[in-house]
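Only the coordinates and a few stated rules stand behind these numbers; no lab work does. All values derive from a computational prediction rather than experimental measurement. With ideal geometry, Cβ positions are generated from the backbone for all residues, glycine too; neighbour counts draw on all protein chains shown.
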Amino acid sequence: MITPLRRAALVLAVAATALLTLAAPAAAHGADAPEGTDYRATISGVDPDGPGLTARMVEAGARLELTNDTDADVTVLGYSGEPYLRIGPAGVYENTRSPATYLNRTLAGETRLPAEANPAAAPDWRRIDDGPTARWHDQRTLWREDAPPAAVAADPDREHRVRDWTVPLRAGDTTGAVRGTLDWVPPPDPYPWWVAATLGFLLIGAAGLAPGGTAAGVRALRAVGALLALGGAATVALTVARALDTGAPGVGGTLAELVTGQVWTLLTGLGALAA
């Protein structure tokens, strides 16, 4: 027998889960990604091609990640062709003379350059990580203008290729690059979300009004339970996806991100499933 108090708690749990689930797509981003973006950066290839050198976009395209598990250093070149990052068996080093070292610290690229930033100067390497992976904001992979590209402004409802981009690399005497694309992806139509939200809240209201112990009440509560399970599973899945998108290293890093950055959403989803 489900008491009125338990039924009220179940209905409130569904409402909270539905709100978080419906809001999650608009906020599905990583640690330093913008609140919402219609630009999609994608890796298309890495040179030199071979085992151990991999690249991917993290934080909804806000950062480029390069991992070098080979036994030789790979140098990422900055915006003037100067050495910017050195990634290899000894860890990750940044060149304090490279302007990219400072410009790439924020997504907007507005860090004021210090006097020692000079792309023509000999590199001054500073170790910043002992692992084989570097992540940074690279302006070559982003659209940083306030206004959209002309083609997008003319037809914003269609997907557009904004540009192909390259981030040059050097491995010993071999030159290479991380290659990728930047696309405009139209935002999703908000009306289906509003329709789903409206129907969900109507279902919740019907379950709350249905008399307990009757066949109609049992069917209504079963429907609410199904909605609760679906919403809880979707909330947990989106939370885990957001944690993975931050680029946190390994299982331990992902779990740490879930506990520190996504804990309330995760607990809401798990609570919904438990209910």
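Find, to one decimal place in angstroms, the Kirkwood hydrodynamic radius of region 39-184, where the mean of 1/r is taken over every pair of different Cα atoms and then inverted.
Hydrodynamic radius (Kirkwood, Cα only) of region 39-184 equals 15.9 Å.
Using packing as a proxy for protection, rank 56-66, 151-161, 137-147, 81-91 so that the peptide with the highest average count of other Cβ atoms within 10 Å comes first.
So the peptides 56-66, 151-161, 137-147, 81-91, ranked by packing, come out 56-66, 81-91, 137-147, 151-161.
Tell me, what are the semi-axes, in whole angstrom and largest first, of the equivalent ellipsoid of region 60-138 as set by the roots of 5 times the Cα gyration tensor eigenvalues?
20, 16, 10
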